[in-house]
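S.K.: Okay, here's the structure, questions in a sec.
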Amino acid sequence: MKWFNEIQILKGVTVPRCMKIDIFTELHVFVDASKGSYVECVFARSIVDSRVSVILVRAKSRVAPLKLLCIPRLELMACCVGVRLVNSILKALNMPDLKVTLWSDSITVLWWIKEYENWSVFVANRVKEIRQLTQIQSWKYVPGNMNIADLLSRGCSPRQMLSSRWWEGPSWLKQNSEYWPDGEISCEPQEVNVERKKTKNANVDLANDAPPCLYVLRLIMMK
């Protein structure tokens, strides 16, 4: 009811439906998740009349599953839906060669996407789809305070929405690329290990290629 009572202040908000898109237009996807929801939004960045134009193309939000999931898993789900969203846009525009950059503030998820390791089934299945639909080098890290999707995932009042004007995209995206986040991740976060499959190391002398009978004898002697 509090949200509903403030909704009138949004009556003046307009989002232009006409977009000037050419071969030099870039699509920027921002994803984020919280305990309650995960969201994705796509912006088109173009040069129009010698000025940088950033306009909202599509946005999607989903309520988090009833089954409790950790934040990194929800962030991964946001990434997965984000790639589906931007690919549907590329197909609708019939411009598959547009440059796409995907931004996430989850170092853990970016590590899962970029590193080829033996991940858990949940992570492996979603990472596989993400790699099939996007290029790994297109994924970039953005600090949480610079991620425009952070406002959507945590929820906000109409007044906060109006003051943020999130549908215009992050202000830094209107500047030259040297003022953007560098997008790199430098170290492996501890949360990565939770989804790394454990391998059992048998006491086998692989270097000497020991025969099976010798291995059985060794186990008997160990007992």
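S.K.: Under 6 Å between Cβ atoms, which residue pairs at least 6 apart in sequence (or on different chains) link something in the stretch 9-33 that is modelled with pLDDT of 90 or more with a partner that is open to solvent by 70 Å² or more (accessible area, probe 1.4 Å)?
M.R.: Correct list of pairs: GLU26/LYS99.
S.K.: Considering only residues that are open to solvent by 40 Å² or more (accessible area, probe 1.4 Å) and not in a loop (DSSP other than H, G, I, E, B), look in the stretch 184-195 and name the one that is nearest to LEU152 (Cα to Cα).
M.R.: GLU191
S.K.: A further question on this structure: Looking at SER61, SER88, SER53, can you tell me which residue is more than 16 Å from LEU173 (Cβ to Cβ), at pLDDT below 95 and hydroxyl-bearing (Ser, Thr, Tyr)?
M.R.: One residue alone meets the criteria, SER61.
S.K.: Among the residues of the stretch 91-109, count how many are under 19 Å from ARG45 (Cβ atoms), under 10 Å from the mean Cα position of the chain (by Cα) and of a type in the set (A, V, I, L, M).
M.R.: Residues flagged as under 19 Å from ARG45 (Cβ atoms), under 10 Å from the mean Cα position of the chain (by Cα) and of a type in the set (A, V, I, L, M) within the stretch 91-109 amount to 1.
S.K.: Counting only residues that are assigned to a helix (DSSP H, G or I) and not aromatic (Phe, Trp, Tyr), which one in the stretch 163-183 is farthest from SER50 (Cα to Cα)?
M.R.: SER163
S.K.: If a residue has to be open to solvent by 70 Å² or more (accessible area, probe 1.4 Å), closer than 16 Å to LYS99 by Cα and among the aliphatic types (A, V, I, L, M) to count, how many in the stretch 1-49 make the cut?
M.R.: Summing the residues that are open to solvent by 70 Å² or more (accessible area, probe 1.4 Å), closer than 16 Å to LYS99 by Cα and among the aliphatic types (A, V, I, L, M) in the stretch 1-49 gives 2.
S.K.: Quick one: LEU173 ticks every box in (1) touching a strand residue (DSSP E or B) at 6+ places or on another chain (Cβ under 7 Å); (2) open to solvent by 20 Å² or more (accessible area, probe 1.4 Å); (3) modelled with pLDDT of 90 or more bar one, so which box is it?
M.R.: Checking LEU173 against (1) touching a strand residue (DSSP E or B) at 6+ places or on another chain (Cβ under 7 Å); (2) open to solvent by 20 Å² or more (accessible area, probe 1.4 Å); (3) modelled with pLDDT of 90 or more, the one that fails is (2).
S.K.: Can you name the number of the only condition in (1) outside any strand (DSSP E or B); (2) under 25 Å from TRP111 (Cβ atoms); (3) not basic (Lys, Arg) that ASP32 fails?
M.R.: For ASP32, the failing item is (1).
The values are calculated or read from the model by the stated rules, or taken from the named source; none is laboratory data. Please read these numbers as outputs of a predicted model, since none were measured by experiment. Counting neighbours? That spans all protein chains shown, and the Cβs are built from the backbone with ideal geometry, glycine included. Please note that ligands, DNA and RNA were not included when accessible areas were found on the heavy atoms of the full protein model with its side chains. Shrake-Rupley method; radii C 1.70, N 1.55, O 1.52, S 1.80 Å.
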